[in-house]
1. Given a 1.4 angstrom probe, I'd like the percentage of the accessible area of the chain that is carbon and sulfur, rounded to a whole number.
2. For the stretch 50-101, what does the relative contact order come out to in percent, with C-alpha contacts under 8 Å and a separation of six or more?
3. May I ask you to compute the full-extension gain from residue 13 to residue 42, defined as 0.36 nm times their residue separation minus their alpha-carbon distance, rounded to one decimal in nm?
4. List the aspartates and glutamates whose Cα lies under 16 Å from the Cα of residue 43, skipping any in the same chain that are fewer than 8 positions away.
5. D for the chain, whole µm²/s, Stokes-Einstein with Kirkwood Rh over alpha-carbon pairs at 25 °C and 0.890 mPa s: what number?
6. Along the charge dipole of the chain, Cβ charges K/R +1 and D/E -1, which of 39, 53, 71 sits furthest on the positive end?
7. Normalised by the number of residues in the stretch 13-78, what is the relative contact order in percent for Cα pairs under 8 Å and 6+ residues apart?
8. What is the ratio of the Cα radius of gyration of the stretch 15-63 to 2.2 N^0.38 Å, with N the residue count, to two decimals?
Amino acid sequence: MSILSWNCRGLGQPRIFQELVCLVHTYLPKIVFLSETRQCKEKVRRIKWRIGMRHCCTHDGKGKGGGIALYWDDQIKIKVLSYGPRYFDVLVCDEPHGPMW
């Protein structure tokens with residue numbers, strides 16, 4: 001299983017968005033974490049379809065900074081325990097009947 005974590009410094013720029021799509025299509029991660037999205041929740045949630053992920057959890061930033069997003073596909077089970085402006089606390093299961101980690 002692969003995980004992509006990226007400080008994207010704003011998803012509002014077309015170049016940044018195109019780079020994200022390219023990274024996801026190249027490395028085929030099962031989980032994608034983005035920091036510094038600098039976008040509202042709705043814009044960040046709409047991106048999941050473009051990168052081929054089915055699920056999304058987001059937290060807005062304040063002003064011109066911040067914002068985080070976590071995307072995952074159907075093959076992964078994620079249980080969100082808690083989240084805040086700078087973190088997601090989750091349990092992940094990447095096998096059908098495997099343990100949560």
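1. Here it works out to 52 percent.
2. 27 percent
3. 8.9 nm
4. Those aspartates and glutamates meeting the cut-off are 60.
5. 179 µm²/s
6. Value: 39.
7. Here the relative contact order equals 35 percent.
8. 1.11
The values are calculated or read from the model by the stated rules, or taken from the named source; none is laboratory data. Predicted model, so just to flag it, every value in this text is computed and none were measured. With ideal geometry, Cβ positions are generated from the backbone for all residues, glycine too; neighbour counts draw on all protein chains shown. Side chains are part of the model used for accessible areas, which takes the heavy atoms of the whole protein and leaves out ligands, DNA and RNA. Shrake-Rupley method; radii C 1.70, N 1.55, O 1.52, S 1.80 Å.
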